[in-house]
Amino acid sequence: MAKYTIGLDYGSDSVRSLIVNVETGEEISSVVFNYPRWQKQMYCDAPTNQFRQHPKDYLEGLEYTIVEALKQAPAGVAENVVGISVDTTGSTPVAVDEKGTPLALTAGFEENPNAMFVLWKDHTAVKEADQINELAKKWDIDFTKYEGGIYSSEWFWAKLLHVIREDAAVYRAAYSWVEHCDWIPAVLTGNANPKTLKRSRCAAGHKAMWHEAFGGLPSEEFLTALDPMLAGLRDRLFKETYTCDVSAGTLNEEWANKLGLPADVVVGVGAFDAHLGAVGAEIEPYYLSKVMGTSTCDMLIAPADEVGENVVAGICGQVDGSIVPGMVGLEAGQSAFGDIYAWFKRVLEWPMKNILAESELIDEATKQKLMEETSDKIIAKLSAEAAKIPIAESGVVALDWMNGRRTPDANQALKGAIAGLNLGSDAPRIFRALVEATAFGSRAINDRFISEGVRIDGVIALGGVAKKSPLVMQIVADVLNMPIKVARSEQACALGSAMAASVAAGIYANTAEAQKHMGGGIETEYHPIPENVEKYKKLYEKYKKFGKFIEFDFTA
């Protein structure tokens, strides 16, 4: 009988389970679960950049998607599942008690946002990130060295420090802290003990300043100098980390029964979604894998002996084995990409939701259908009209920092901006400028890698934007002046997790073998248009000049 693995992909808005035939790569079935509490934006406060998610959303999605995916699969699949691996957003940590239970699942903390998972895009910890950077530059060891030299408010230590400073009850109750990608495998295997569960090399290396050269996490002296409230926490965290080809254990009886799977199913060590998405998109050395969704994550792998002592400044870290075991994984990305298009859509929807919604001229059913139809067509119509506008014709230039800047040189305090507006600047022209801004942000990342001595031989794209928007993809290809291949799989992150599960379960010896047998290949390819490349070179210089003004003059 054929063997199967399950890739479990936790995104910002939903979780997906994908069942894959390990021999052929055939995607057998897939089910998505939208987080119900998150859909209502419970526990969130967008104006203050607070974004929290309840662990119940994760647990409900875990059970529902796997059970339903197995129901949709042919008979005999369930008993031949050999492995499950998990990818999640990150850094998305949570405070846990001594048993490893998130505080939001314990009495008294059920509705407390500080007791929930702090989502990757939560930027409430800007002050704490600044303090980490200030201290790191004075310390005899720069613990941010392998994380680009700049610590971000999106990452582990800044987030937990902000929460414990803000909430004395959580501070007293929190025995330890666990990343989302570590907690799900811990739940499935029944080993949630914070001191013994297997921690992801990917999460620890890129977001928690873990490195073998430091003997693990930053020293107790550094952490207590940062804040005495951190005293003793290091000993309640971890020293060892594991790559995604390692088994975290097997399904415990409770979850085997809930899911309808054999108890000997191997559960792999978790990793972040973009990293396993790169695996699913069949990343290879010196090819940049761009996960293009609400934000972007740019993944690159290189042999350790070729990277050597070269440390790339201003990125989101370089970690041995964080993407493909045996290779150094380098991460960069943009804090907002598709989120910027969604923001502009919401701006345009304001009259519809606040005026049309209250109109008494049409009946309620017609009103709802009209609003839904309009909302569904906004981005497509904007894209069609924006495609007709000649490059630089409008004079509008934008910055893609609506959610801060992740790389190069993390600064989550930065804001987006638009310049060059006149009375003829209509919605399609502004939209095109926003698309170009996101492409220029991608170019800045490529430029940083290249200037730091890391070559880029090609680009592989995956994610919702890559699959759905030819306008965006052509503009990015023109701005980068590089061909862009788009991965065929609609769910490359989940596929990457399924590949990792096949290695953890012993079906394949390494990631490359799993990719060879399970990869979905390339769907399409975008090539730069020479005349557009030249025009965008000039517009990119305006983008950089505008960025310098906003960052150093306007905000000074």
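The values are calculated or read from the model by the stated rules, or taken from the named source; none is laboratory data. Bear in mind that the values here come from a model prediction, so they are computed numbers and not experimental data. Note that we place each Cβ from the backbone using ideal geometry, even for glycine, and neighbour counts take in every protein chain shown.
So here's what we get for this one:
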item	result
Positions within the range 144-164 being of a type in the set (F, W, Y) and surrounded by fewer than 24 Cβ atoms within 10 Å (Cβ to Cβ), in sequence order	Y146
Residue under evaluation Y171, criteria (1) out of contact with any Ser or Thr (no Cβ under 8 Å at 6 or more places or on another chain); (2) modelled with pLDDT of 95 or more; (3) under 26 Å from I445 (Cα atoms), criterion not met	(3)
Pairs with Cβ under 9 Å, 6+ apart, first in the range 90-103 and surrounded by 24 or more Cβ atoms within 10 Å (Cβ to Cβ) and at pLDDT 95 or above, second assigned to a strand (DSSP E or B) and among the acidic types (D, E)	S91/E179; T92/E179; P93/E179; V94/E179
Residue check for T407: part of a loop (DSSP other than H, G, I, E, B) and crowded, with 24+ Cβ neighbours inside 10 Å	yes
Residue among A263, A231, A332 that is hydrophobic (A, V, I, L, M, F, W, C), closer than 26 Å to Y151 by Cα and in contact with a strand residue (DSSP E or B) (Cβ under 8 Å, 6 or more places away or on another chain)	A332
Any hit, the range 38-58, residues being touching a Gly at 6+ places or on another chain (Cβ under 9 Å), in a helix (DSSP H, G or I) and among the β-branched types (V, I, T)	no
Contacts under 7 angstrom Cβ, first residue in the range 473-492 being within 21 Å of H275 (Cβ to Cβ), partner assigned to a strand (DSSP E or B) and of a type in the set (S, T, N, Q), 6 or more apart	V486/T524; Q491/S30
Subset of the range 136-175 that is without any contact (Cβ under 8 Å) to a residue 12 or more places away in the chain and in a loop (DSSP other than H, G, I, E, B) - its residue that is farthest from the chain's Cα centre (by Cα)	D140
R52 without any contact (Cβ under 8 Å) to a residue 24 or more places away in the chain and either touching a strand residue (DSSP E or B) at 6+ places or on another chain (Cβ under 8 Å) or not assigned by TED's automatic domain parsing to the domain that holds P93 (or both)	no
Considering residues of the range 378-404 that are over 24 Å from N446 (Cα atoms) and of a type in the set (V, I, T) only, the residue surrounded by the fewest Cβ atoms within 10 Å (Cβ to Cβ)	I389
Residue within the range 271-286 that is in contact with a Ser or Thr (Cβ under 8 Å, 6 or more places away or on another chain), outside any helix (DSSP H, G or I) and closer than 24 Å to Y151 by Cβ present	yes
M229 aliphatic (A, V, I, L, M) and surrounded by fewer than 18 Cβ atoms within 10 Å (Cβ to Cβ)	yes
Qualifying residue in the range 187-204 (condition: under 23 Å from the mean Cα position of the chain (by Cα), closer than 23 Å to L135 by Cα and either assigned by TED's automatic domain parsing to the domain that holds D57 or surrounded by 23 or more Cβ atoms within 10 Å (Cβ to Cβ) (or both))	yes
Residue match in the range 513-534 (condition: aromatic (F, W, Y) and closer than 26 Å to A380 by Cβ)	yes
Residues within the range 321-349 that are over 14 Å from G416 (Cα atoms), in a loop (DSSP other than H, G, I, E, B) and under 19 Å from the mean Cα position of the chain (by Cα), tallied	4
Qualifying position, being touching a residue at least 40 places away in the same chain (Cβ under 8 Å) and of a type in the set (K, R), among K516, K542	K542
Hits in the range 111-135 - residues which are in a loop (DSSP other than H, G, I, E, B), touching a residue at least 60 places away in the same chain (Cβ under 8 Å), in contact with a His (Cβ under 8 Å, 6 or more places away or on another chain) and crowded, with 23+ Cβ neighbours inside 10 Å	M116
Of all residues making up the range 463-502, the number that are within 18 Å of A384 (Cα to Cα) and β-branched (V, I, T)	4
Residue in the range 360-367 that is in contact with a Gly (Cβ under 6 Å, 6 or more places away or on another chain), assigned to a helix (DSSP H, G or I) and surrounded by fewer than 24 Cβ atoms within 10 Å (Cβ to Cβ) present	no
Criterion violated by I550 - all others in (1) more than 30 Å from T243 (Cβ to Cβ); (2) exposed (fewer than 15 other Cβ atoms within 10 Å of the Cβ) satisfied	(2)
Test: residue in the range 306-320 that is under 17 Å from D457 (Cα atoms), surrounded by fewer than 24 Cβ atoms within 10 Å (Cβ to Cβ), free of Cβ contacts under 8 Å to residues at least 40 places away in the same chain and not polar (S, T, N, Q)	yes
Cβ pairs under 9 Å, 6+ apart, first in the range 437-463 and closer than 29 Å to G395 by Cβ, second assigned to a helix (DSSP H, G or I) and among the acidic types (D, E)	A439/D478
Count of the range 1-19 residues which are over 30 Å from K121 (Cα atoms), crowded, with 21+ Cβ neighbours inside 10 Å and either without any contact (Cβ under 8 Å) to a residue 24 or more places away in the chain or touching an Asp or Glu at 6+ places or on another chain (Cβ under 7 Å) (or both)	0
Failed condition for K468, given (1) within 20 Å of the chain's Cα centre (by Cα); (2) crowded, with 16+ Cβ neighbours inside 10 Å; (3) at negative phi	(2)
